[in-house]
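The values are calculated or read from the model by the stated rules, or taken from the named source; none is laboratory data. Just so it is clear, the structure is predicted and the values come from calculations on it, not from any experiment. Neighbour counts run over all protein chains shown; Cβ positions are idealised from the backbone, glycine included. Keep in mind that these areas ignore ligands, DNA and RNA; they rest on the heavy atoms of the full protein, side chains included. Shrake-Rupley method; radii C 1.70, N 1.55, O 1.52, S 1.80 Å.
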Amino acid sequence: MTDQSMSDQSMNVLDHLDELRKRIIIILGAFIVFFIASFIFVKDIYDWFVKDLDMPLTVLGPMDIIYVYFLLSGVIALALTVPVIIFQIWLFVKPALTRREQVVTLTYIPASLFLFVAGLSFGYFVVLPLVLNFLFSLGGDMFQMMFTTDKYFQFVLRMTIPFSILFEMPLVVMFLTSLGIVTPKGMIKNRKYAFFFIVVISVLISPPDFISDVLVIIPLIFLYEVSIVLSTIVFRRKRKRERELENQS
């Protein structure tokens, strides 16, 4: 390797690092702006989250108030920053993509955002009420119900964030299929194991009654089946492009 090629390679690495630093700065800047905006309206956000609770939340100390404010503002800011993160990742890898690949991958951004919001909504509006109602009925007259604010919002996050990640399954499968890591044949072959995993996860996070389990299991199984269909489409297009390249060569 000549000195000139080594110098060009070093400049290329430095350019990539500079571009990565630029994208990270933009993401952090967007997060800070959203965090400040969320903190300004944190009381309205808090009121919206607790509007359906039949009891006031409790804090055990003055610092808990600040902790809850920062927690809420941080979570809202992170959720709002998700599309910025996805778009900046796309801009970072864009130079390495063909024009067709740029157009295709750009369509992933709104789809990813939609699935992220759909997962959050499913966790918050479906799973969370089911689990809360079950816990309330389980306590009955045995306990005096009193939730601390920080514990309640940590509980809300546990019931919502995992679903926002699980709902990204179709896009992740499409991406892995395009890389050749996942195939539709493999997904079909391992379907029973995937269903078993979905049932176990659903039973663990939902109340121990049949209706609640079904309400959680069905959407996740549906997502897996959709992932198989999308994987098949991506796989066929990938094979078609490979055959076209072989014919051209």
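Points to keep in mind about this one:
- Residue ID - modelled with the lowest pLDDT, chosen from residues in the range 202-226 that are open to solvent by 50 Å² or more (accessible area, probe 1.4 Å) and under 28 Å from residue 108 (Cα atoms): 215
- Pairs, first under 13 Å from residue 167 (Cβ atoms) and assigned to a helix (DSSP H, G or I) in the range 209-232, second open to solvent by 30 Å² or more (accessible area, probe 1.4 Å) and of a type outside the set (Gly, Ala, Ser), C-beta under 6 Å, six or more apart: 223/169; 227/169
- Selection within the range 59-82 - without any contact (Cβ under 8 Å) to a residue 40 or more places away in the chain, open to solvent by less than 40 Å² (accessible area, probe 1.4 Å) and of a type outside the set (Ser, Thr, Tyr): 61, 74, 82
- Any hit, the range 11-24, residues being modelled with pLDDT of 90 or more and under 18 Å from residue 150 (Cα atoms): no
- Residue 153 passes every criterion in (1) farther than 30 Å from residue 36 by Cβ; (2) surrounded by 18 or more Cβ atoms within 10 Å (Cβ to Cβ); (3) hydrophobic (A, V, I, L, M, F, W, C) apart from (1).
- Residues located in the range 94-112, provided they are open to solvent by less than 60 Å² (accessible area, probe 1.4 Å) and modelled with pLDDT of 80 or more: 109, 111, 112
- When the range 157-174 is limited to residues that are in contact (Cβ under 8 Å) with a residue 60 or more places away in the chain and surrounded by 16 or more Cβ atoms within 10 Å (Cβ to Cβ), the one that is farthest from the chain's Cα centre (by Cα) turns out to be 174.
- Within the range 134-168, the set of residues being farther than 30 Å from residue 225 by Cα and in a loop (DSSP other than H, G, I, E, B) comprises 140, 141, 142, 143, 144, 145, 146, 147.
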